[in-house]
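The values are calculated or read from the model by the stated rules, or taken from the named source; none is laboratory data. Just so we're clear, the structure is a prediction, and the values are computed from it rather than from any experiment. No Cβ is skipped: glycine too gets one built from the backbone with ideal geometry, and neighbour counts run over all protein chains shown. Each accessible area value is taken on the protein alone, full model and side chains, heavy atoms only, with ligands, DNA and RNA left out. Shrake-Rupley method; radii C 1.70, N 1.55, O 1.52, S 1.80 Å.
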Amino acid sequence: MHVASRLHAFNRYELKYLVPVDLAAELRDELGERMDRDLNSPAGGYGVWSLYYDSPELRFYWEKIEGLKFRRKLRIRHYGEPDGVSDASPVCVEIKQRVNRVTQKRRITLPYGTARQLCDGRELVEHSPKERAFIHEVLDLVVRLNLRPAAITGYQREALVGRGSDTGLRVTFDRRIRGRDRDFHLGQPNPENRFTIPPHMSVMEIKVNERTPHWITDLAARRNLSLVRVSKYVQSIEAFGLAPRSVFHLDEADLPPLAAPLDTQLPAHEPPVKAGAQ
């Protein structure tokens, strides 16, 4: 077969902070003085919806809780609003894995129907020679571990990208973080989503290829930001009672009270065109 490769892979370090949405707005504006808005991130951000697969015993969930140095997750991800998602809609089948402190992502863009044929139907789908290893790895995981849909997460994301010497830097702000434990079709009409992280809180992620710029660490220290181990997938599993709440669970009673909404807008810049949202 002579199909062009749709495979994409990258490694990076990720730092996560849980911040109230009003503080997130201030941080985003301050970062905007040295970074550009991702061209794929319009004012107000874009939707990110992920269907996570796990074993009946929730193997991937427990690997995260136990902090294994090597662990993986399989998901189908859609960028944009889920309304109108059809079998022809482009999605990413993605394996996200952690090797010590490095986050590695490998993914392939497929029509949603084909992605479900691979992950739900457990069928080999058309692929190029360069995609063979990844497709077979996905198929091996779903068959060997008996993976099935476990949870859907969704949120609104705004993304900034570094400029100049900070080209490898990316900062995202995720808010309105929701999930569900049923109705696993991404295009499900009127799904029963609910907040898995209180709506007045957002997750800020700093993503770098190698070393975090010193001015970013200075900003985090000046703002008294504390690193957190928060996983949207883990939060959904625990919020819906699919597993006991762990020490990593975010309890609303322990979070700051409701603050002002994230409603200020980042001035637009002219950053280089990116290949796609991440």
Point to revise | Range of Cα positions in the stretch 136-182 per principal axis (Å), largest first | key: 45, 29, 9
Check your understanding: How big is the accessible area of K96 in square angstrom, nearest 10, if you roll a 1.4 angstrom probe over the protein chains?
Key -> 30 Å²
Study note, to complete from the structure: When the chain is treated as a Gaussian network with springs between alpha carbons less than 10 Å apart, the largest mean-square fluctuation among D87, D218, D181 is found at D218
Check your understanding: How far apart, in nm, are the 7 Å Cα→Cβ label points at V143 and A43?
Key -> 5.2 nm
Exercise for review: Calculate I(q)/I(0) for the stretch 1-144 by the Debye formula, one identical point scatterer on each C-alpha and no solvent, and give its log10 at q = 0.10, 0.15 Å⁻¹ to two decimals.
Suggested key: -0.44, -0.94
Revision key, fill the gap. Rounded to whole angstroms and listed largest first, the alpha-carbon spread of the stretch 105-225 along its three principal axes comes to 51, 39, 24
Review point. Can you give the calculated 222 nm mean residue ellipticity of the chain, where each DSSP H run of n ≥ 4 adds -39,500 (n - 2.57) and the sum is split over every residue, rounded to the nearest 500 deg cm²/dmol?
Key: -6000 deg cm²/dmol
**Study point:** 16 Å reach of a label modelled at E30, 7 Å along Cα-to-Cβ, counting backbone N of the stretch 168-185
**Key:** 171-173
Study note, to complete from the structure: Under a Gaussian network model of the chain whose springs join Cα atoms within less than 10 Å, the largest fluctuation of T103, T153, T167 belongs to T167
**Study point:** Separation of the A221 and E14 label points, Cα + 7 Å toward Cβ, nm
**Key:** 2.6 nm
Review point. Taking amide hydrogens as modeled 1.01 Å from N in the peptide plane, which residues meet the under 5 Å criterion relative to M35, leaving out close sequence neighbours?
Key: none
Exercise for review: Could I have the simple spin-label model distance between Q188 and R163, label points 7 Å from Cα toward Cβ, reported in nm to one decimal?
Suggested key: 4.2 nm
Exercise for review: Evaluate the relative contact order of the chain (contact order divided by residue number), counting alpha-carbon pairs under 8 angstrom at least 6 apart; express in whole percent.
Suggested key: 29 percent
Review point. GNM on the chain, C-alpha springs below 10 Å: top fluctuator among G168, G84, G47?
Key: G84
**Study point:** Anchor K232: lysines whose Cα lies under 30 Å away (excluding residues fewer than 8 positions away in-chain)
**Key:** K16, K64, K69, K73, K96, K105, K207, K274
Check your understanding: Which whole-percent values make up P(r) of the stretch 30-98 when all C-alpha to C-alpha distances are grouped in 10 Å steps starting at zero?
Key -> 16, 34, 28, 21, 1
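What FRET efficiency would be calculated for the residue pair D120, V99, taking the C-beta separation as r and a Förster radius of 22 Å, to the nearest 0.05? The partial results should precede the final answer.
Details: r = 28 Å, r/R0 = 1.25.
Efficiency, from the Cβ-Cβ distance: 0.20.
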Point to revise | Neighbour-limited loop hits for GluC sites (Glu not before Pro), the stretch 1-63 (at most 14 other Cβ within 10 Å; DSSP other than H, G, I, E, B) | key: E33, E57
Point to revise | Environment charge of R180, counting only residues whose C-beta is closer than 13 Å and scoring Lys/Arg +1, Asp/Glu -1 | key: +1
Check your understanding: Just the C-alpha atoms of the chain: what Rg/Rh do they give, with Rh taken as the Kirkwood radius?
Key -> 0.95
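What dipole magnitude, in Debye to the nearest 20, does the chain give about its Cα centre under +1 on Lys/Arg Cβ and -1 on Asp/Glu Cβ? It would help to have the intermediate numbers written out before the result.
Details: 43 positive and 37 negative charges, 196 e Å.
Here the size comes out at about 940 debye.
Quick check of the Kirkwood formula: for the stretch 146-214, what is the inverse mean of 1/r over all pairs of different Cα atoms, in Å?
On the way: mean 1/r = 0.0697 Å⁻¹.
Taking the inverse mean of 1/r over all distinct Cα pairs, the stretch 146-214 comes out at 14.4 Å.
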Revision key, fill the gap. Charge dipole of the chain built from unit charges on the beta carbon (Lys, Arg +1; Asp, Glu -1), centred at mean Cα; most positive-end Cα among Q104, P198, N224 is Q104
